[in-house]
Amino acid sequence: MVSVINTVDTSHEDMIHDAQMDYYGTRLATCSSDRSVKIFDVRNGGQILIADLRGHEGPVWQVAWAHPMYGNILASCSYDRKVIIWKEENGTWEKTYEYTGHDSSVNSVCWAPHDYGLILACGSSDGAISLLSYSGDGQWEVKKISNAHTIGCNAVSWAPAVVPGSLIEQPSGQKPNYIKRFASGGCDNLVKIWKEEDGQWKEEQKLEAHSDWVRDVAWAPSIGLPTSTIASCSQDGRVFIWTCDDASGSSWSPKLLHKFNDVVWHVSWSITANILAVSGGDNKVTLWKESVDGLWACISDVNKGQGGVSAVTEGQQNEQ
């Protein structure tokens, strides 16, 4: 059984597109078509507005918190083609960097694992993906993957900084050789995997299964088991779980989690990667868990509008 712990009245004047908790779960950032980004203190069930950030000139699609070892930093992206990085200094949130290198809406922002430094991936409707790396002294370096997805990129998600299989293999005492990777989803119906080689980003894999725009991708957290896992969802109503069992990352296989009756907008893993949250055009959030026999089952659904929650029985699953 799942229960709603808290509801936050954001006072946004238009649709909310994203809501993200910070690393410690004490602050909530939200963004909206009203062009604003808001930050709330949500400790002890409260909801105190800390900041109302205005700098975008169009709907703000997504927000992402950087790891706290770099300070309190939040990125946001918008229909206005801009990415803004906000930073809290002495209790005040200010714009610290504005990136204007895209020619169309920027739909997704995602921070790399903190082990790699402060790196932000940005996916845009112009088909390109930008990687912004902080190089110190307020300077950001930009690398761009042009034509990453024809017609547009909708989502980006980094692979964890964990070598697959490292939990089981004997440690050699040497620092593992991390290869930076991230996944992206686009309007070409594809999920793509990118890896860095000699400082350049190369397309490593094309994952084909969806029959319409891929709306979101989420690379699952890992503790070092041999299998890598990615969830993807699409305009086609389907959610796929992609798994790769070989360390080279060359062979990925899809498993259909569920076919919904409406577009699926977002997928998100729990921190232990055993539960996947799915939100769709039917205004519902459903939680899914893999059973021992490898089948995915819905363990609950949350009706977003009412805040009501019900456990879903096997019989109901087929109707969703």
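Determine whether Ser157 is of a type outside the set (Val, Ile, Thr) and free of Cβ contacts under 8 Å to residues at least 40 places away in the same chain.
no
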Exercise for the section: Please work out which one of (1) of a type outside the set (A, V, I, L, M, F, W, C); (2) surrounded by fewer than 21 Cβ atoms within 10 Å (Cβ to Cβ); (3) part of a loop (DSSP other than H, G, I, E, B) is the condition Tyr97 fails and give its number. Expected result: (3)
Handout entry: Residue, nearest to Asp115 (Cα to Cα), within the range 55-94, restricted to residues that are of a type in the set (S, T, N, Q), in contact with a strand residue (DSSP E or B) (Cβ under 9 Å, 6 or more places away or on another chain) and surrounded by fewer than 21 Cβ atoms within 10 Å (Cβ to Cβ)
Key = Asn72
Exercise for the section: Output yes when any residue across the range 50-64 is of a type in the set (S, T, N, Q), within 19 Å of the chain's Cα centre (by Cα) and more than 20 Å from Gly123 (Cβ to Cβ), and no when none is. Expected result: no
Practice task
List every residue pair whose Cβ atoms sit under 7 Å apart, with the two residues 6 or more apart in sequence or on different chains, where the first one lies in the range 92-115 and is touching a residue at least 40 places away in the same chain (Cβ under 8 Å) and the second, anywhere, is assigned to a helix (DSSP H, G or I) and open to solvent by 70 Å² or more (accessible area, probe 1.4 Å).
Solution key: His114/Met69
Fill in the blank from the handout: Picked from the range 19-54 (must be closer than 23 Å to Ser268 by Cβ and of a type in the set (D, E, K, R)), the residue surrounded by the fewest Cβ atoms within 10 Å (Cβ to Cβ) is Arg43
Problem - Test: Cys233 is closer than 14 Å to Gly186 by Cα and either open to solvent by less than 20 Å² (accessible area, probe 1.4 Å) or among the charged types (D, E, K, R) (or both) - result: yes
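The values are calculated or read from the model by the stated rules, or taken from the named source; none is laboratory data. Computed from a predicted structure; not experimentally measured. So basically every Cβ, Gly included, is an ideal-geometry build from the backbone, and we count neighbours across all protein chains shown. Side chains are part of the model used for accessible areas, which takes the heavy atoms of the whole protein and leaves out ligands, DNA and RNA. Shrake-Rupley method; radii C 1.70, N 1.55, O 1.52, S 1.80 Å.
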